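Below you'll find the structure, written out as structure tokens, and then a few comments.
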Amino acid sequence: MAWRSFVAMGDSFTEGMCDEYPDGTYRGWADLVAARLAVDSGPEFGYANLAIRGRLLDQVIEEQLEATLAMKPDLVSFAAGGNDLLRPRVDPQSLVERIDPVIARIRATGADVILFRFADVAVHIPGGQRMIGPRAAALNDGTREIARRHGAYLIDLFADDAYLHRSMWSDDRLHLSEIGHRRVAGHVLNALGVGVEEEWMLVPPAPQPTPWRLALNSDLRWAREHLAPWVGRHLRGRSSGDLVTAKRPVLAPIGD
């Protein structure tokens, strides 16, 4: 099937952090998928990416859903809720209940929908398995049920052990690296039945165990350079995306 248009909704995962273009903007899996779909659809293929880093689920819905529906795309990706899971008080089941009617509305237009079971980010964060792991599992399981109920494409990144490798993640341990984004794009294109570059799906070599002292130093450096600034923004009620706008707010050909 050749989709004629694709709208990507979400947060930093879909915006493309931390897969940088030379000008400092971000590419990410969604741009890669759009470029590949345009090959089959032709030069009139339209792509919009409304995702903005730091957005919570309700912000994604409030800011992006009506705009997406107004563009009447053939294909929509929805990935949100990850930032909510980092908050101390969050009910993952409530997230699932708020996502379900969103997917129902999009599917009612006839558009195909892509959903995600998120990769296990908790394994790379000190204390993450205890704090984030159960919440992420609940959101992932709920998303799987939503995909089944509404006939959406489900991309199961959690089941992909390649994302246990540190090389798939950026230095902040929350966002994917360039090769991490490429692999997501490969999963999406394979699910859509579209050909994909073989190298995008190459599994990196298993990393060697890190000596405990080096691992401790790495954790301390991560806490100082990435965790502390995030906590500071959160305490001030700020977000990394406060001054950021969507990189592709309207449907347009890939070259525009």
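The values are calculated or read from the model by the stated rules, or taken from the named source; none is laboratory data. Just so it is clear, the structure is predicted and the values come from calculations on it, not from any experiment. Cβ: placed from backbone, ideal geometry, glycine included. Neighbour counts: every protein chain shown. These area figures cover heavy atoms from the full protein model, side chains too; ligands, DNA and RNA do not enter into them. Shrake-Rupley method; radii C 1.70, N 1.55, O 1.52, S 1.80 Å.
General observations
- Rg and Dmax [Cα atoms of region 1-124; Å; Rg one decimal, Dmax integer]: 14.8, 46
- Listed residue (150, 93, 123) projecting farthest to the positive dipole end of region 5-207, Cβ model: 93
- The accessible surface of region 17-59, taken with every protein chain in place and a 1.4 Å probe, is 51 percent carbon and sulfur.
- What region 5-207 shows is 41 Å² of accessible area per residue, with the surface traced by a 1.4 Å probe over protein heavy atoms.
- Amide H to amide H, with H built 1.01 Å from N, residue 113 comes under 5 Å of 76, 153, counting only residues 5 or more places away or on other chains.
- For q = 0.12, 0.13, 0.14, 0.18 Å⁻¹, Debye-computed log10 I/I(0) when each Cα of region 5-207 counts as one equal scatterer: -0.56, -0.67, -0.78, -1.37
- Peptides 188-196, 71-79 ranked from most to least packed give 71-79, 188-196, packing being the mean of other C-beta atoms within 10 angstrom over each peptide's residues.
- Amide hydrogen proximity for residue 46: with H placed 1.01 Å from N in the peptide plane, the residues at 5 or more positions away or on another chain lying under 5 Å are 5, 6.
- Rg/Rh for region 1-61, where both radii come from Cα atoms and Rh is the Kirkwood radius: 1.02
- Vicinal HN-Hα couplings computed from phi for region 148-159 (Karplus, 6.51 cos²θ - 1.76 cosθ + 1.60; Hz; Gly/Pro x): 5, 5, 9, x, 8, 6, 10, 9, 9, 6, 4, 7
- Region 37-48 - phi-based ³J(HN,Hα) in whole Hz, Karplus 6.51/-1.76/1.60, Gly and Pro as x: 5, 5, 4, 7, 7, x, x, 8, 4, x, 9, 10
- Share of pairwise Cα-Cα distances greater than 23 Å in region 83-197 is 34 percent (whole percent).
- Computed packing ranks the peptides 110-118, 245-253 as 110-118, 245-253, most packed first, by mean other Cβ atoms within 10 Å.
- Table column - 3J(HN,Hα) (Hz), region 80-89, Karplus curve with 6.51, -1.76, 1.60, x for Gly and Pro: 7, x, x, 5, 4, 5, 7, 7, x, 10
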